[in-house]
1. Relative to the present Cα-Cα distance, how much length would full extension add between Trp67 and Ser15 at 0.36 nm per residue of separation?
2. Mind checking the full-extension length gain between Thr37 and Ser79? Use 0.36 nm per residue of separation minus the Cα-Cα distance, one decimal, nm.
3. Taking the alpha-carbon distance from Lys11 and a cut-off under 21 Å, which lysines remain once sequence neighbours fewer than 8 residues away in the same chain are dropped?
Amino acid sequence: ISNIQVKSPSKSVRSNRFYETGVVYSDAYGRDTTVMTSKGCKVEIPISYSDKKNALTCSIQSKAPYWATHYKYYIKESSNKHFNMVLDAAYSNDGKII
């Protein structure tokens, strides 16, 4: 075997996924809006891009509210449904409570 190259991994957005982006505005007192999004904020990264270094780029196309002092982007991977569970106890393999 010859010509083997070991490359260090790099950060990338996963392929074969759907992503939705949104923005949250904050005021000087730390109060936040709900996540604001629009129809153009959804993107699919096809599986054919799995050998690439993928990234998402966001930009706000409208004016911020007059009271907003900060903003944050939120990105949601919406390909699969995610369910949250609340546990009152967790057990290790030997049956002891964690």
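What follows draws every value from the coordinates through simple rules; no lab data is involved. Small disclaimer: the values here were computed from a predicted structure and weren't measured.
1. Extra length available between Trp67 and Ser15 comes to 15.0 nm.
2. 13.4 nm
3. Within reach: Lys42, Lys52, Lys53, Lys72, Lys76.
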